[in-house]
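Report on the following structure.
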Amino acid sequence: MFPGIGLGAVACRARTLPDGLFLVAARTLANLVRPKDLSEGALYPPLREIRKISLAIAVSVATQAYTMSLARRSRPQSIRRSIEALLYRP
């Protein structure tokens, strides 16, 4: 969860990281676990999808930060696109 939490917080310049942001991150991660993953005994989505997972968590965290008035950056038209622009591309 932590790469996504950090990315979401940096993207919106959140003043603080209250428990509500960690809760939304945990729920987002849980929603990314597929039934196939669970049937194979995995509690998390595959690590090979870390970039997709981190992006989804970052979007959820930033969205919640804007909702909670924690962001110091103006809300962009597309939170997802603004966060994608921040991603490192090796």
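FYI, it's all coordinate maths here, none of it is from the lab. Note that the structure is a prediction, hence the values are computed from the model and not measured. Reconstructed Cβ throughout: ideal geometry from the backbone, glycine too, with neighbour counts over all protein chains shown.
Let me check I've understood the local charge: for Pro46, count other residues with C-beta under 11 angstrom from its C-beta, Lys and Arg +1, Asp and Glu -1. What total comes out?
Numbers: positive: Arg34, Lys36, Arg48, Lys52; negative: Asp37, Glu40, Glu49.
Neighbour charge sum, excluding Pro46 itself: +1.
So, with +1 on the Cβ of K and R and -1 on the Cβ of D and E, and no other charges, what is the size of the charge dipole of the chain about its Cα centre, to the nearest 20 debye?
Numbers: 14 positive and 5 negative charges, 83 e Å.
Computed about the Cα centre, the dipole is about 400 debye.
Here are labelled values, [x] 32; [y] 17; [z] 20, and one is the computed percent of Cα pairs over 24 Å apart for what I pasted. Which one?
Only one listed value fits the structure, namely [z].
Using alpha carbon centroids, what distance separates the range 17-45 and the range 48-88, in Å?
The range 17-45 and the range 48-88 have Cα centres spaced 17 Å from each other.
Show the residues, 5+ positions off or on another chain, whose built amide H is closer than 5 Å to the amide H of Ala14.
Result for Ala14 returns Arg72.
Among Ala11, Ala42, Ala30, which one moves the most in a GNM of the chain with springs linking Cα atoms closer than 10 Å?
Looking only at Ala11, Ala42, Ala30, the biggest GNM fluctuation is shown by Ala42.
Just subtract the alpha-carbon distance of Arg75 and Asn31 from 0.36 nm times their residue separation and send over the number in nm, one decimal.
Details: separation 44, 0.36 × 44 = 15.84 nm, distance 2.45 nm.
Contour length minus Cα-Cα distance gives 13.4 nm.
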